[in-house]
Structure formats: C-alpha cells, structure tokens
1. In nanometres, what is the gap between the two model label sites at residue 63 and residue 31, each 7 Å from Cα along Cα-to-Cβ?
2. What nm value, rounded to one decimal, do you get for the distance between residue 55 and residue 43 when each label is placed 7 Å out toward the C-beta?
3. Kindly write out, for the stretch 17-25 in residue order, the coupling ³J(HN,Hα) from the Karplus curve 6.51 cos²θ - 1.76 cosθ + 1.60 (θ = phi - 60°), rounded to whole Hz, with x marking Gly and Pro.
4. To make sure I understand, if each residue's beta carbon is the centre and we count other beta carbons within 10 Å, what order do 21, 62 fall in, fewest to most?
5. Considering only the other residues whose Cβ falls under 14 Å of the Cβ of residue 36, what net charge follows from Lys and Arg at +1 and Asp and Glu at -1?
6. Output wanted: per-residue J couplings in Hz (rounded whole) for the stretch 42-53, from phi through Karplus 6.51 cos²θ - 1.76 cosθ + 1.60, θ = phi - 60°, x for Gly and Pro.
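Each value in this text was obtained by applying a stated rule to the coordinates, not by laboratory testing. Just so it is clear, the model here is predicted, and its values are computed rather than measured. All Cβ positions, glycine included, derive from the backbone under ideal geometry; neighbour counts span all protein chains shown.
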Amino acid sequence: MTLAEDNGPERGGDDLLAAEYVLGVLPADERQIASRRIDTETAFARLVDAWEVHFAPMAAAYAAVEPPASVKVA
C-alpha cells in the first residue's frame, strides 16, 4: 500500500459491512442480514468476494492447528 492509498478517504457503508463480514466481527444479527444480502444482491456478494481475496494472504500466513480436546467437548 502506498502512502496515498493509506491516507485516502475512509470506506464505509456496504464496503465496510462486507469487510467486517469476511473478518467475522459482525454481531450475529448483522451477520445474518449480510448473509441474506450475499444471496440476493450481486453487487454486495462481489464486495464480499473482493474482501475474501484481499484478506486471503493473511489467513494463509497461519498454519492450521488442531484445537485441544477440551474445546471440542465444550
């Protein structure tokens, strides 16, 4: 990212909602709404896809681990 990109206008609205959906930080009710919008609104689904591509390298940086047995029981 260049300095110009870093200091650009802040994103908001659907773009922010899509990013938060991909990161998994939305409250359950907002996540349900976003999930329905993905199924019914092509433009919103494309935003979600774009954010998944954007964040994919971050997820790839971590190795998969098996959760402890105590987590599975809970």
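1. Computed distance between label sites residue 63 and residue 31 equals 2.8 nm.
2. 2.2
3. Here the 3J(HN,Hα) series is 4, 5, 5, 5, 4, 4, 6, x, 9 Hz.
4. Details: 21 22, 62 7.
The most exposed by this proxy come first: 62, 21.
5. On the way: positive: 31, 37; negative: 14, 29, 30, 39, 41.
Local net charge: -3.
6. For the stretch 42-53, the Karplus curve yields 4, 4, 5, 4, 5, 4, 4, 4, 4, 5, 4, 5 Hz.
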